[in-house]
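The values are calculated or read from the model by the stated rules, or taken from the named source; none is laboratory data. Quantities reported herein were computed from a predicted structural model and do not represent experimental measurements. FYI the Cβ positions are ideal-geometry reconstructions off the backbone, even for glycines, and counts take in every protein chain you see.
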Amino acid sequence: MTNDGPPIQGENPQVRDPSDEGIHDAAVAIFRGVVGEANAESVLLKRRQPIYWLQTYTGRTIDLINPTSEMVDIEDIAHALSMICRFNGHCCEFYSVAEHSVLVESKGSEIWMNHESVIPSDQLSMRLRPPRELMLQSLCLLLHDAAEAYIGDLTTPLKRGLDSIGATKVVFSPIVELERRWLAAIGRVFGLGDRLAEPSDLVRLADERVMATEVTSLFHPVQSCWWDTRARPHSAEMMIHCWPQAEARRQFLGRFRVLYEALYSKAGWSEVGGEAPAGILDSGEEHP
């Protein structure tokens, strides 16, 4: 069930997902193979912090396997996504996941406002003030790849290819599960419930349309295999700027704060009988 309440301030880090055991076993098995059985036993017994950890931009030490709300920070997300290049770095210029996310949000909002068939008929009522559901969807569009800030970007063709070589149970399924976990944790922090972990048709459609424009703008020549699973655009639907890292980060954070404030400012949240959450809107200037 989707939680439409205000973003939570934290969660119990001891609560574990029922599927933790399987994914943890897979991670430990890989660890044993890398360092050896004897060394692995010593490390696993003595080490208190997670085996698979990451220090984030803001200085958090996070558990990559078992994310909790306390590990999520929009500054970390914006910084990491602005540093990650799309298409495994094989596009003609540096083009960040942060810029891609901003474009997906813009395209998705355009699709919604044009009342395309992907939008449920009971959500087409447009008022002078944008409906709250549109703001929720817009935030989902912006954050649809936010898990990549923590676990990286494995290209979709590679994910599919792992299945074809029999690696599904060892690699592919844990990666998909980790992505789902991180999206669920991020969704809880920002009051989106299950919307990130279970993306809507709107998110999928906007993502595909933006990717089609990216391909025609960032690859020369464009190979025909790109159009095996998506429609070739007749012309570029939007401008690809290839923002530098700092600008991509600024644009992403700026759009996030506009959407977040529209949803969760004291005036906006009072409409649905809650209180405005503290912290994010009052965080001040960006990190240098």
Checklist outcome for this item: Those helices (runs of 4 or more DSSP H) completely within the range 125-242 that have 2 or more residues that are of a type outside the set (Gly, Ala, Ser), at pLDDT below 90 and surrounded by 14 or more Cβ atoms within 10 Å (Cβ to Cβ) are 132-142, 156-164, 173-189
Checklist outcome for this item: Expected output for the range 103-115 (first residue among the small types (Gly, Ala, Ser), partner in a helix (DSSP H, G or I) and crowded, with 20+ Cβ neighbours inside 10 Å, Cβ below 6 Å, 6+ apart or cross-chain) is Gly108/Leu141; Gly108/Leu202; Gly108/Ala206; Ser109/Ser138
Next on the checklist: What pairs come out if I take residues in the range 223-252 that are of a type in the set (Lys, Arg) and pair them with residues that are not in a helix (DSSP H, G or I) whose C-beta lies under 9 Å away, six or more apart or interchain?
Outcome noted: Arg232/Val222; Arg249/Ser96; Arg249/Trp243; Arg249/Glu286; Arg250/Trp243; Arg250/Glu286
Checklist entry - Does Phe94 meet the test of being touching an Asp or Glu at 6+ places or on another chain (Cβ under 9 Å), surrounded by fewer than 20 Cβ atoms within 10 Å (Cβ to Cβ) and either within 17 Å of Gly152 (Cβ to Cβ) or among the hydrophobic types (A, V, I, L, M, F, W, C) (or both)? => result no
Item to check | Subset of the range 89-124 [in a loop (DSSP other than H, G, I, E, B), over 17 Å from Cys242 (Cα atoms) and modelled with pLDDT of 70 or more] | outcome: Asn114
